[in-house]
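Written below as structure tokens is the structure these notes are about.
The values are calculated or read from the model by the stated rules, or taken from the named source; none is laboratory data. Remember, predicted model here, so these are calculated numbers, not experimental data. FYI the Cβ positions are ideal-geometry reconstructions off the backbone, even for glycines, and counts take in every protein chain you see. The protein model used for the area step is the full one, side chains on, heavy atoms only, and it has no ligands, DNA or RNA in it. Shrake-Rupley method; radii C 1.70, N 1.55, O 1.52, S 1.80 Å.
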Amino acid sequence: MKKITIYIVLAMLCLNFSTHAQALKGTGSSSEGIQIGQQVPDVIITGLINYKDKEGKASNAAKLSDFKGKLLIIDFWATNCGSCIRAMPKMDSLAKKYANKLQIIAVSYEKQSIVASFLKRNPVGRSMTLPIVTDDVRLKKLFPHRILSHEVWINENGIVAAITAPEYVNEVNVQALLTHQPLNLPVKTDIMAYDYNQPMVSNSSTITYSALDHYKSGVAPKFGALTDSSTSRLRFYIVNFPILQMYLLSLDHLLYFPKTMMQIEVKDTSRLKMPSGITREPWKRLNTFCYETVQPSGTPIGRLKEIIRLDLNRFFNLNGRMEKRKAKCLVLQRFNKESRLLATPQSVPLNSLHSRDSIKVLSGGSISNIIWELNEVPNGLPAIDETGIQENVEMHLPIKSFANIPEVNRALDKYGLMLKEEVRELEFFVLSDTQAATQ
């Protein structure tokens, strides 16, 4: 039976996209590698940044035995893993507080040039003092994993004490391990060889169906599409996604729908977003799902997206839809066409709008980047562009936050631009309870 994978362009559905959970390529099973209770071999790690040896001299290499006598936490991460980056300040703080007893090493498979660029441009990266391993292959083989972050705890005797998700790296657990108290942390086990091509429903003769299944522990989130040429069937699947992200996959904007363009009118929002103060895995078991639908291979993309949305409405007793509504919004307008804001051939491409820098730079980029930042402001007004500017621009904005609109307008004035609060009819993604769910 011949199968053909379909790759659909981003503008249509981007069905081969892998999510922010940062699935990494890997083979084998979760039982491979060094296990809890086993001694870690004394391997040499290279490509180190921010590392000083026992004599206080900068070094780009070390042996794992160099850290004996300390609790060692190996934090596998990547520069494109948002949750990894958000956890870095906590890791940095712990390492400083227990400097004589604890060593945390951040390990990335990425090239040193990529990591170095991140450390230079990202505000979290610029403040990092943890030793960082780049171009890693050796440690990944010792501790196979598929989902980032991945934390390996090695005690002072070089024995693996725990393998966990990042939320368990905290002061309570560090202190417990340092004082040899019993520590029973959930083991993070990634399924390395999960077959995403295997249908949820085994009856291959079924012409069309849709199915929903529970969260699959240890499996990296992913979605995709597959066409079986022998049966002329198209299978679209979603593995381990929260409810809201599943809905966004049925939209043209995919997962990255602007926050201000979403109207969430669901009574129990804990179904959609994990509340603060709880651990991730128990919440995911209850609120993360797997879905698939099988349709004739000639099903138009628009119809496929509609099927997905209607299925989700039925499965979750919700009503997700695109809906036009009149609303207050921020309209970016151009009042001075003589102002210099267009990029030149000498402009060096840079977008630091999302950073914490005191001056945010957009060089060689589109005005849409500014609109995006405005639309990411929590509880902010929707922002739209009516400047008519199609060319790339170069702008240096001395602002602290895009949430401070008067400050943003003062920075934009130099470029003949301004944000005005007006009413427009906009298309929102609306997610609400159905009448039955409300009752």
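Regarding SER432, is this residue under 30 Å from LEU310 (Cα atoms), assigned to a strand (DSSP E or B), among the hydroxyl-bearing types (Ser, Thr, Tyr) and under 30 Å from the mean Cα position of the chain (by Cα)? Against the criterion (under 30 Å from LEU310 (Cα atoms), assigned to a strand (DSSP E or B), among the hydroxyl-bearing types (Ser, Thr, Tyr) and under 30 Å from the mean Cα position of the chain (by Cα)), SER432 qualifies.
You will find that of LYS25, LYS90, LYS54, the residue that is modelled with pLDDT of 90 or more, of a type in the set (D, E, K, R) and either more than 22 Å from ASN170 (Cβ to Cβ) or not in a strand (DSSP E or B) (or both) is LYS90 and no other.
Does VAL239 satisfy the condition of being at pLDDT 90 or above and within 20 Å of the chain's Cα centre (by Cα)? Full working, then the answer.
Working: at pLDDT 90 or above: yes; within 20 Å of the chain's Cα centre (by Cα): yes.
Criteria met by VAL239.
Taken together, the residues in the range 374-387 that are more than 13 Å from PHE428 (Cβ to Cβ) and either hydrophobic (A, V, I, L, M, F, W, C) or surrounded by fewer than 16 Cβ atoms within 10 Å (Cβ to Cβ) (or both) amount to 6.
Please state which one of THR299, THR260 is within 25 Å of ALA403 (Cβ to Cβ) and modelled with pLDDT of 90 or more. Write out each step before concluding.
Numbers: THR299 fails: within 25 Å of ALA403 (Cβ to Cβ).
Unique residue meeting the criteria: THR260.
Residues in the range 144-164 that are crowded, with 20+ Cβ neighbours inside 10 Å and not in a strand (DSSP E or B): 4 in all. Evaluation of SER276 against the conditions (1) surrounded by 13 or more Cβ atoms within 10 Å (Cβ to Cβ); (2) farther than 30 Å from THR227 by Cβ shows that the sole unmet condition is (1).
Mind listing whichever residues of the range 176-190 are of a type outside the set (A, V, I, L, M) and surrounded by 17 or more Cβ atoms within 10 Å (Cβ to Cβ)?
Restricting attention to the range 176-190, the residues satisfying the condition of being of a type outside the set (A, V, I, L, M) are 179-182, 184, 186, 188-190.
Across the range 176-190, the qualifying residues are LYS188, ASP190.
The set of residues from the range 388-401 being touching an Asp or Glu at 6+ places or on another chain (Cβ under 9 Å) and open to solvent by 10 Å² or more (accessible area, probe 1.4 Å) comprises PRO398, LYS400, SER401. Out of ALA343, ALA327, one residue alone is buried (at least 17 other Cβ atoms within 10 Å of the Cβ) and either closer than 23 Å to SER250 by Cβ or hydrophobic (A, V, I, L, M, F, W, C) (or both). It is ALA343. Close Cβ contacts (under 8 Å, 6 or more residues apart or on different chains) running from residues in the range 108-134 that are over 20 Å from ALA58 (Cα atoms) and open to solvent by 70 Å² or more (accessible area, probe 1.4 Å) to residues that are of a type in the set (Val, Ile, Thr) and modelled with pLDDT under 95 comprise TYR109/VAL137; ILE114/THR79.
For the range 408-429, residues that are surrounded by 15 or more Cβ atoms within 10 Å (Cβ to Cβ) and outside any helix (DSSP H, G or I) total 9.
Give the residue that is nearest to the chain's Cα centre (by Cα), with candidates limited to residues of the range 114-133 that are of a type in the set (A, V, I, L, M) and in a loop (DSSP other than H, G, I, E, B).
Within the range 114-133, the first condition is being of a type in the set (A, V, I, L, M), and the residues that meet it are 114-116, 119, 124, 128, 130, 132-133.
Add one more test, that the residue is in a loop (DSSP other than H, G, I, E, B), and what stays is 128, 130.
On the way: MET128: 20, LEU130: 22 Å.
It comes out as MET128.
Would you confirm, using the coordinates I've provided, whether CYS290 is out of contact with any Phe, Trp or Tyr (no Cβ under 9 Å at 6 or more places or on another chain) and at pLDDT 95 or above? Answer is no for this residue.
With the requirement that a residue be in contact (Cβ under 8 Å) with a residue 60 or more places away in the chain and of a type in the set (A, V, I, L, M), what does the range 135-164 give you?
So the first thing to find is which residues in the range 135-164 are in contact (Cβ under 8 Å) with a residue 60 or more places away in the chain, and the list is 135-136, 138-163.
Residues satisfying the conditions are LEU139, LEU142, ILE147, LEU148, VAL152, ILE154, ILE159, VAL160, ALA161, ALA162, ILE163.
Condition first: among the polar types (S, T, N, Q) and either within 24 Å of the chain's Cα centre (by Cα) or over 19 Å from ARG410 (Cα atoms) (or both). Now tell me which residues in the range 364-396 satisfy that.
Once the filter is applied, which keeps residues that are among the polar types (S, T, N, Q) and either within 24 Å of the chain's Cα centre (by Cα) or over 19 Å from ARG410 (Cα atoms) (or both), the range 364-396 yields SER366, SER368, ASN369, ASN375, ASN379, GLN390, ASN392.
Taking only the range 191-243 into account, find how many residues are among the basic types (Lys, Arg), surrounded by 19 or more Cβ atoms within 10 Å (Cβ to Cβ) and not in a strand (DSSP E or B). So the answer is 0.
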